[in-house]
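Below is one structure; the comments refer to it alone.
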Amino acid sequence: MQTINLMEKGIGYLETVLDFYSGSCSYLMLYILCLVYIAIKGSDRDREIFFPSGIFLMLTAYNPIAPLILNKFFDVNNEYYRFFWIAPLVILIPYVVSEIIFDKELKAKRSLIIVLMAALFLFSGDFLYKNGIRLAENIYKMPSELIEISEKIHKDADEEYPKVFLEYEYNMQMRQYDPKILLTVDREDYLYAATNLFTEEMLKDETHPQYKIIAALIKYQYVHPEEFKKAMEETHTEYVVLDKNNLMNDFIVAAGAKKVDETEGRNIYKYPLKEKADFELVDYSVVY
Amino acid sequence: MIIGAGVLFNFILYLAFGSLILYGKKKKSSLLQRIVIGFFAYYTLFFFFCVPIMKYYRPLSMLSGIWCAVVAVILLLSLILNLKGWIEDIRDIFGTVKSSKLFFLLFMLLIIVQIILTVCIYNFTLDAAFYVAGVSTNVDTNMINVYDPFTGAWQDHFEMRYFFATYPVQDAVICQLSGISPLIWTKSVMTVTIVILTNMVYYLLAKSLTGNDKKKMLLSLFLIFIFNITFNTIYTASTFLMTRTYEGKAIVGNLALLVIFYIFILMNNSESLKRPWLSLFLVCFGASTISSTANMLVPVEMTVLFLPLIFRKKTYKELAGYILCILPGVILALTYVLYVKGYFVFYTFPK
């Protein structure tokens with residue numbers, strides 16, 4: 001929940017988190033209704049199990065003041081929503097529904113109750129697979145094209161650990177499959193780039209030359225070709241993999257990169273580094 | 001085949017650990033209880049071997065060798081002490097399944113559907129770039145958390161946010177010992193393991209709440225499944241279970257919190273459970289070693305469940321157990337705060 005700022009929202013922070021957490025689902029409302037049901041019709045044992053913790057949670061973790069206090073000690077801005085995992089919705093709601101359906105006093109109306117409960121579930125949730133499913137292409141659960149790219153780069157590279165610039169999705173996945181590929185850009189830089197443009201100040205930042213590469217190749221921001229080449233040298237980026245639909249394919253060729261291979265959807269370029277990355281694993285045997 | 005063997009291996013380990021923790025001839029705990037507690041006991045013990053080896057930047061292979069020996073000893077010991085009990089357990093299982101064939105058939109079907117949904121569907125999640133790549137990196141470099149999983153670059157200090165969450169290191173140990181790809185281990189073997197374990201806990205909870213009424217149990221278990229595939233925003237524990245099952249956060253949100261809730265129900269109902277506070281302690285500690293998320297969630301859950309119970313039942317002696325259970329989370333959370341405030345750093349080289 002990076003977009004919600006606790007300091008800005010203040011006392012309204014918890015409500016905003018709750019909105020994000022629930023989305024279009026009404027299960028939290030159902031949970032409260034189930035607590036009411038337990039309070040009225042539940043056994044003493046059920047009341048002991050579900051009631052004190054429900055009330056205690058609302059007074060503590062689900063109290064709008066709680067995140068403000070907690071934030072003084074821990075940075076809870078991005079993760080406060082996880083406190084909603086504590087309330088046992090996943091147990092209480094199905095349990096109460098099954099109790100109602102099999103309630104002996106309501107036996108005569110059981111069919112009606114089943115229909116009502118089914119409707120309740122149907123309209124309370126948001127189906128996880130509503131947009132269809134995409135089956136994994138292989139046992140690694142990685143795109144087969146990514147595996148192909150990894151193989152092609154290693155086939156071409158002289159080093160055991162070539163350094164590569166990849167677009168967003170493959171950048172996040174490549175090292176899960178192939179830890180022998182070093183990446184130019186880390187996750188945080190890409191997360192920034194997903195929603196922001198790089199400012200002039202950032203593009204002038206000598207300590208983060210990778211900004212220039214993402215700005216040019218992903219955000220299509222103007223970066224002077226010489227500055228781009230300098231960034232490639234400074235980051236020791238030897239390979240660049242771009243989608244064939246990426247508008248910067250010509251730019252990377254103009255910068256001096258040579259296409260060494262391709263897959264169905266992507267071009268693989270090799271950049272002629274003046275000084276190659278000298279990556280070796282640290283020898284810890286000398287420590288002991 | 002690999003996936004099935006890996007899952008079976010995991011369950012044998014958890015059973016061996018759980019059977020030792022809950023060992024006793026008179027008051028016997030159920031097989032499922034032993035497996036679930038064994039899971040957390042396993043990760044708790046692993047933590048104590050992993051942290052010193054990691055802190056002093058010794059190779060992963062050293063940890064693998066030591067852990068292999070520890071597990072072998074525990075397996076052997078548990079086998080000697082519990083073999084007779086396990087054979088009885090298998091007989092009991094057949095008896096129980098025979099008495100409610102339809103129930104168990106449908107329950108199995110429900111679990112199989114969940115396994116298919118979690119294993120066969122492609123999911124792109126950002127956090128795997130850390131967790132799974134971390135396992136791959138550790139195996140490849142034969143070091144523990146010394147290299148940045150995102151880029152592969154060497155890091156001069158350990159990232160304390162993840163330092164005490166040693167669960168992915170265990171994945172790396174198994175991958176190194178077995179030669180199984182980290183992707184297959186994390187995204188398939190551990191996914192299936194967690195789905196089955198979570199459903200075991202659902203079963204235990206449904207059984208406890210409905211008084212073993214099979215009709216109500218089956219309906220509850222079915223509705224839990226429906227709940228998990230329809231409580232869908234990127235933030236819910238259900239979505240974590242169905243799409244990011246192998247991540248520590250998903251295990252804490254779906255397994256650890258519910259196991260604590262289950263033990264609370266047993267203690268509230270004064271139902272039989274062997275060594276409840278030891279079990280709770282292992283679940284709480286184990287959860288903290290699985291994901292740092294547990295450091296904030298577990299103490300809060302323990303407080304909202306057990307403080308009212310202790311005061312209602314006037315069992316004030318149990319306050320000591322409660323405090324012991326929340327201590328690991330509180331200490332690890334405070335350690336992280338001290339790190340963030342700059343009081344200490346663990347370097348990855350001698351300084």
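Readers should treat all values here as calculations from the given coordinates under stated rules, not as data from a laboratory. This is a predicted model, so every value here is computed, not measured. Here Cβ is always computed from backbone atoms with ideal geometry, including for glycine, and neighbour counts include all displayed protein chains.
The fewest-to-most ranking of A:Lys276, A:Lys141, B:Lys314, A:Lys152 by surrounding Cβ atoms within 10 Å reads B:Lys314, A:Lys276, A:Lys152, A:Lys141.
A Cα-only calculation for region A:49-148 places Rg and Dmax at 21.2, 64 Å.
Legend: mean number of C-beta atoms from other chains within 10 angstrom of residue C-beta atoms, peptide B:140-147, equals 3. Electrostatic tally near A:Asp243: other residues with Cβ closer than 15 Å to its Cβ, Lys and Arg +1, Asp and Glu -1, net -4.
For B:Val300, A:Val223, the sequence from fewest to most other C-beta atoms within 10 Å is B:Val300, A:Val223. Would you mind getting me the FRET efficiency between A:Lys130 and B:Thr335? Use the beta-carbon distance for r and R0 = 35 Å, nearest 0.05. Calculated value: 0.25.
Only counting other Cβ atoms within 10 Å, I'd like A:Leu197, B:Leu332, B:Leu205 sorted with the fewest neighbours first. Numbers along the way, then the final one.
Working: A:Leu197 12, B:Leu332 21, B:Leu205 24.
Sorted ascending by nearby Cβ count, the order is A:Leu197, B:Leu332, B:Leu205.
Taking each of B:Lys215/B:Lys313; A:Lys180/A:Lys270; A:Lys41/A:Lys109 in turn, the alpha-carbon distance tops 22 angstrom for B:Lys215/B:Lys313.
Once Rg and the Kirkwood radius are both taken over the C-alpha atoms of chain A, their ratio Rg/Rh works out to 1.14. Close amide H contacts of B:Met143 (hydrogens built in the peptide plane, cut-off under 5 Å, sequence separation of 5 or more or a different chain): B:Leu60. Treating the protein assembly as shown as a set of equal point scatterers at the Cα positions, no solvent, please give the Debye-formula log₁₀ I(q)/I(0) at q = 0.10, 0.12 Å⁻¹. Taken in order of the listed q values, log10 I(q)/I(0) reads -0.98, -1.35.
Of A:Lys258/B:Lys187; A:Lys107/B:Lys214; B:Lys187/B:Lys274; A:Lys152/A:Lys229, which sit over 28 Å apart, Cα to Cα? Table pairs above 28 Å Cα-Cα are A:Lys258/B:Lys187; B:Lys187/B:Lys274.
The spread of Cα positions in chain B, taken along each principal axis and listed from longest to shortest, comes to 62, 50, 47 Å. Can you check what the net charge comes to around B:Thr243, using other residues whose Cβ is under 13 Å from the Cβ of B:Thr243 (Lys, Arg +1; Asp, Glu -1)? So the environment of B:Thr243 carries a net charge of +3.
Comparing A:Asp126, A:Asp46, A:Asp178 in a Gaussian network model of chain A, where Cα atoms under 10 Å apart are tied by springs, the biggest mean-square fluctuation is seen for A:Asp46. For region A:212-288, the percent of C-alpha pairs falling in each 5 Å distance bin, counted from 0 to the bin holding the largest distance, reads 3, 15, 24, 22, 14, 8, 5, 4, 4, 2, 0.
Extension gain for B:Val345-B:Phe222 works out to 39.5 nm (0.36 nm per residue, less the C-alpha to C-alpha distance). Placing a label point 7 Å from the Cα of A:Leu191 along the Cα-to-Cβ direction, the residues of region A:40-77 whose backbone N falls under 17 Å of that point are A:75-77. Backbone amide hydrogens, once placed in the peptide plane, bring A:Lys259 within less than 5 Å of A:Lys270, excluding anything fewer than 5 places away on its chain. Is any residue of region B:157-186 close enough, with backbone N under 14 Å, to a label point placed 7 angstrom from the Cα of B:Leu75 along the Cα-Cβ axis, and if so, which? In region B:157-186, the label zone of B:Leu75 (backbone N under 14 Å from the point 7 Å along Cα→Cβ) covers B:174-175, B:177-179.
What are the residues whose amide H is under 5 Å from the amide H of B:His157, where those residues sit 5 or more places off or on another chain and H is modelled from the backbone? Amide H neighbours of B:His157: B:Thr348.
What length, rounded to one decimal in nm, is gained on full extension from B:Phe311 through to B:Lys215, with 0.36 nm per residue of separation minus their alpha-carbon distance?
Numbers: separation 96, 0.36 × 96 = 34.56 nm, distance 3.48 nm.
Separation in residues times 0.36 nm, less the Cα-Cα distance, equals 31.1 nm.
FRET efficiency for the A:Leu120 to A:Glu201 pair, using the beta carbon distance and R₀ = 60 Å, is estimated at 0.65.
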